[in-house]
Amino acid sequence: PERGRWYCMEMMIKANDAGHDNGEIAAWIDGELYMHLTDFNWRTTNELKIKRISLGIYIHNNPKDNICWFDDVALSTGYIGP
C-alpha cells in the first residue's frame, strides 16, 4: 500500500450451509476483486450467525510505526460498491 493514500476496502463473508463446504470470503480494493476463496466450512448448524465484525491491521515484524484510519464504515447484506 501507498502511504498517505485512502483505499476503499470491501469484504464479503458468506456462511456455509450446515454440513456443506460452501462458505465464501472475498475482498475488493478500490472496486477490484483482490481475492475470492470458496469451500469454507465454518459452522455445523444454521443457527450460528455472524454477530459482529472487528477492524484492524496486522503488520508482521515491521520496524516502522504504522497508523491506519477507518472512515465511513458500512455493513450490508448485499454488495455496496466503492
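Each value in this text was obtained by applying a stated rule to the coordinates, not by laboratory testing. As the structure is a prediction and not an experimental result, all values here were calculated from the model. Please note: Cβ atoms are built from the backbone with ideal geometry, for glycine as well, and neighbour counts cover all protein chains shown.
Label separation (D21 vs N61): 3.1 nm, computed from points 7 Å beyond Cα along the C-beta direction. When the Gaussian network model of the chain links Cα atoms closer than 10 Å, the mean-square fluctuations of I25, I57, I13 top out at I57. The aspartates and glutamates whose alpha-carbon is closer than 17 Å to the alpha-carbon of K51, local same-chain residues fewer than 8 away aside, are D17, E24.
Residue-wise HN-Hα couplings along the range 61-69, as the Karplus relation 6.51 cos²θ - 1.76 cosθ + 1.60 with θ = phi - 60° gives them from phi, are 6, 10, x, 8, 6, 10, 10, 10, 9 Hz; Gly and Pro carry x. What the phi angles of the range 35-52 give under the Karplus curve with 6.51, -1.76 and 1.60, with θ = phi - 60°, is a coupling list of 7, 8, 10, 10, 6, 7, 10, 8, 9, 10, 9, 5, 6, 6, 10, 6, 10, 7 Hz, glycine and proline written as x.
Subtracting the Cα-Cα distance of N46 and Y34 from their residue separation scaled by 0.36 nm leaves 1.5 nm. Under the shape rule built on the C-alpha gyration tensor, where the axes satisfy a ≥ b ≥ c, the chain is prolate, since a/c reaches at least 1.5 and a/b is greater than b/c.
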